[in-house]
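Participant: Structure provided below as structure tokens; questions to follow.
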Amino acid sequence: MIEINNVSFSFEREVLKNININIKRGNFYTILGPNGSGKTTLLRILSKSLHMDKGEIYIDEEELTQIKSKILAKKMAVVSQSTEIEFDFSVQDIVLMGRIPHIPRFSSESEKDMEIAKNAMEMTNTWEFKDKSINALSGGERQRVVVARAIAQETGIILLDEPISHLDIHQQIEIMNQLKQLNKNKNVTIIAVLHDLNIAAAYADHMILMHDCKVYKDGAPEEVLTEDIIKKVYGLEVYVTKNPKTGKTFIMPF
């Protein structure tokens, strides 16, 4: 569904170098790697908020630079690292912004749009403060609101840059479970930048490990998260085993 061919990008220094990735529809992808390895830059290029220096990206066989913004917004929702919002919108207004690509010009939200937004807020446990100002919420609450907005957008692809970084552990699991439900029940392709290797291993079908501006390794979690690879990329001695409850790859640092 997404083909990334020989993509490179520089900003004062080389950030991405000849990136080649094939994203298949309906899979849950996590992008991993040390700070500065190009993870966020790759997401920003996919969402057209940055322009690559060279290379090509195709979504459903259409070249990314040729896809109009409103059409792209029907295909792809984005949850960025920053949850700061300049204006004092209510939570419900923020989530309803996810419906904008689906609303005809000069029209307002329909009952269907309101229902979709409500469902997204209930999924993310944000309905209870729907009338509050977005700027009155904690960082973790705002994070859940912007995830709700992406869910309400009803796209086939959701890009997320560290979507659980401001959440405590039970909220992290709630959000990851909700994303996995969307992935499995509605065939939504999830592409998430994560730092926690164990959470990534618990949810990902496929991992993309970035290092030194390139894709160091991509594949299933058990192929990517080996003791040797983690030592080479992160400089960390670990023991890799299986979670006895789930059978998923589990990493324990020494």
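The values are calculated or read from the model by the stated rules, or taken from the named source; none is laboratory data. What you see is a predicted model, and the numbers here were worked out from it, not measured in a lab. Here Cβ is always computed from backbone atoms with ideal geometry, including for glycine, and neighbour counts include all displayed protein chains. Areas reflect the complete protein model, heavy atoms only, side chains present, ligands, DNA and RNA absent. Shrake-Rupley method; radii C 1.70, N 1.55, O 1.52, S 1.80 Å.
Participant: For segment 192-199, state whether one or more residues are within 23 Å of ASP60 (Cα to Cα) and in a strand (DSSP E or B).
Facilitator: yes
Participant: Turning to a different aspect of this structure: Considering only segment 140-172, how many residues are closer than 25 Å to ASN35 by Cβ and in a helix (DSSP H, G or I)?
Facilitator: Residues flagged as closer than 25 Å to ASN35 by Cβ and in a helix (DSSP H, G or I) within segment 140-172 amount to 10.
Participant: Moving to a separate point now. Right, ILE57: open to solvent by less than 40 Å² (accessible area, probe 1.4 Å), at pLDDT 95 or above and not basic (Lys, Arg) or not? Break it down into steps so the answer makes sense when it comes.
Facilitator: Working: open to solvent by less than 40 Å² (accessible area, probe 1.4 Å): yes; at pLDDT 95 or above: yes; not basic (Lys, Arg): yes.
Yes, satisfied.
Participant: Surrounded by 11 or more Cβ atoms within 10 Å (Cβ to Cβ), at pLDDT 95 or above and either in contact with a Ser or Thr (Cβ under 7 Å, 6 or more places away or on another chain) or not hydrophobic (A, V, I, L, M, F, W, C) (or both): does that describe GLU109? Steps first, please.
Facilitator: Working: surrounded by 11 or more Cβ atoms within 10 Å (Cβ to Cβ): yes; at pLDDT 95 or above: no; either in contact with a Ser or Thr (Cβ under 7 Å, 6 or more places away or on another chain) or not hydrophobic (A, V, I, L, M, F, W, C) (or both): yes.
It is false that GLU109 is surrounded by 11 or more Cβ atoms within 10 Å (Cβ to Cβ), at pLDDT 95 or above and either in contact with a Ser or Thr (Cβ under 7 Å, 6 or more places away or on another chain) or not hydrophobic (A, V, I, L, M, F, W, C) (or both).
Participant: Report the residue count in segment 217-254 for those that are assigned to a strand (DSSP E or B) and either without any contact (Cβ under 8 Å) to a residue 24 or more places away in the chain or in contact with a Lys or Arg (Cβ under 8 Å, 6 or more places away or on another chain) (or both).
Facilitator: Here the count works out to 11.
Participant: Examine segment 121-139 for a residue that is within 19 Å of LEU43 (Cβ to Cβ), outside any loop (DSSP other than H, G, I, E, B) and aliphatic (A, V, I, L, M), and state whether such a residue exists.
Facilitator: No, the conditions are met nowhere in segment 121-139.
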